[in-house]
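Beneath this line is the structure, given in structure tokens, with notes to follow.
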Amino acid sequence: MERLCSSPLHANISTALDKHLECIHVVQARRKDEIVNASSRQRHGPPRCQDERVVLALAVALRALCLATRKVRTVLWCAFQMILPK
């Protein structure tokens, strides 16, 4: 979009995109933790408390990703509206 308007966009736009990417990486890490925990549980029996913490951490990360996605969609829509010809 910066190329279209030939000027840099507001700093909040890149901040929102960076936060969204960070949330994606956190969700990926929590999902890997969940997979590792599920595979080790099959081998050693069910420690339930650990499972609940891992799933809760994934749920928190997904909620943060949802909020970041909403914000980045709004920010990108605003940026697009700013670069449209009048």
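The values are calculated or read from the model by the stated rules, or taken from the named source; none is laboratory data. A quick note: this is a predicted structure, and the numbers were derived from the prediction, not measured. Cβ placement follows ideal geometry from the backbone for every residue including glycine, while neighbour counts extend to all protein chains displayed. These accessible areas exclude ligands, DNA and RNA; they are computed on the full protein's heavy atoms, side chains included. Shrake-Rupley method; radii C 1.70, N 1.55, O 1.52, S 1.80 Å.
Table for the structure above
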read-out	value
Dimensionless Rg ratio for the range 9-83, taking C-alpha atoms and the 2.2 N^0.38 Å reference	1.50
Sequence of His25, His20 from largest to smallest accessible area, 1.4 Å probe	His25, His20
Accessible-area composition of the range 9-83, carbon plus sulfur, in percent [1.4 Å probe]	61
Two-site label geometry, Lys71 and Val55: point separation in nm, points 7 Å out along Cα→Cβ	2.9
Relative contact order (%) - criterion: Cα under 8 Å, at least six apart; region: the range 9-83	52
Farthest toward positive dipole pole in the range 9-83 [+1 Lys/Arg, -1 Asp/Glu at C-beta], among Thr15, Val75, Val27	Val27
Sequence of Arg30, Arg73 when ordered by accessible area, the most exposed leading, probe 1.4 angstrom	Arg73, Arg30
Local electrostatic count at Lys71 - Lys and Arg +1, Asp and Glu -1, tallied over other residues with Cβ under 15 Å	+2
Accessible-area ranking of Val54, Val36, Val26, largest first, probe 1.4 Å	Val36, Val26, Val54
